[in-house]
């Protein structure tokens, strides 16, 4: 049996007990404290968790988020953890919270016992504002930034974190396979979007990201959904993630409306799928992240050149003409988990325990060959661009309004990697079987 077809596995969600969930965050806190031999660690709660890239460190260590909280971790104290809270926090912290709490007003006196503090440097003003604009750190001699230490710890997921992500992936898979079956002429993107939201709600979870884009909309990388009715012989790009106990999935699949890929859609889909498989094969411990991205790009360019869509496979601007986004990012507490921090590191390498996506895509909007795209201005002359479009124009028109993206969530293991979303169909024949 094809590995992408046992859909029954998608609904087998492993139960996570309250105690196990508490132990996960207790372990997260202890791992952090083991890296600090003196002083106290302060972690403020996050104002708005709904924004991508918002600080999830409090959530990672406490297991919940509530406004008006500061978590104090004392590596060598009799009490390892104290949660300082204001009146607003009292109403929003979980009823089953087992952490010792003290009024936020006592934090200033508490800090008089310490000469060294570890905290997120970029949030000092936010902490002071929370305390009524009092600079409680003015007499502290030694303040260190704890953020890089937490981020490095969060890069490698524990077995318990991976289990939570896998549960999110299973729910996502169920929602997607139900949506696939409804990809019919006349259905609207909104209809399908609502179906995926319903499937998530049935499991009492929320979506972290949702894209349902058909036809010309499928060529817009960041499109969400609309009331547009889908037409026969179009592709529809799904990009969906759900939060399960704070941890998210992020899966993309491309399906043909009415269940049958056209010849041209198969050609583009095959190029993207082959590139994705190349990328996944390179996601191994200590392997170069940048090399994986380069090899994926090379595979896409090779396919485009063979289809007559490029005149020079070494041209940087022609590569940028087609390659509109990166291919890999972390997932965890965020859809793009601590992405900027890792992305800016020199000599980036995959490490054991990482859960990273692999998501190449190709998009063919109708107007992309009419004039120089904004992202290429200054990189190519009008004369060069016009000559390029004259040579590839006839071939490009075959693929107008086709968008394809394929995304899986990959765990880096000691032996190599494991595709956590392998059961969600992506082979052409499997996709066509589902819809038909």
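A few points about this structure:
- Count of region 215-237 residues which are touching a strand residue (DSSP E or B) at 6+ places or on another chain (Cβ under 7 Å) and over 12 Å from residue 361 (Cα atoms): 10
- Considering residues of region 130-152 that are touching a helix residue (DSSP H, G or I) at 6+ places or on another chain (Cβ under 6 Å) and surrounded by 15 or more Cβ atoms within 10 Å (Cβ to Cβ) only, the residue nearest to residue 344 (Cα to Cα): 151
- Annotation: of all residues in region 386-405 being out of contact with any strand residue (DSSP E or B) (no Cβ under 6 Å at 6 or more places or on another chain) and closer than 21 Å to residue 257 by Cβ, the one that is surrounded by the most Cβ atoms within 10 Å (Cβ to Cβ) is 399.
- Failed item, numbered, when residue 378 is tested on (1) at positive phi; (2) surrounded by 15 or more Cβ atoms within 10 Å (Cβ to Cβ): (2)
- Of everything in region 77-92 that is closer than 20 Å to residue 29 by Cα and at pLDDT 80 or above, the residue that is surrounded by the fewest Cβ atoms within 10 Å (Cβ to Cβ) is 80.
- The lone exception for residue 63 - which of (1) at negative phi; (2) at pLDDT 90 or above; (3) surrounded by 14 or more Cβ atoms within 10 Å (Cβ to Cβ) it fails: (1)
- Top-ranked residue in region 160-195 [being more than 20 Å from residue 418 (Cβ to Cβ) and touching a strand residue (DSSP E or B) at 6+ places or on another chain (Cβ under 6 Å); ranked as surrounded by the fewest Cβ atoms within 10 Å (Cβ to Cβ)]: 186
- Residues in region 342-361 that are farther than 22 Å from residue 160 by Cβ and surrounded by 15 or more Cβ atoms within 10 Å (Cβ to Cβ): 348, 349, 358, 359, 360, 361.
The values are calculated or read from the model by the stated rules, or taken from the named source; none is laboratory data. Everything numeric in this text was worked out from a predicted model, so none of it was measured. Quick reminder, even Gly has a Cβ in these numbers, built from the backbone with ideal geometry, and neighbours come from all protein chains shown.
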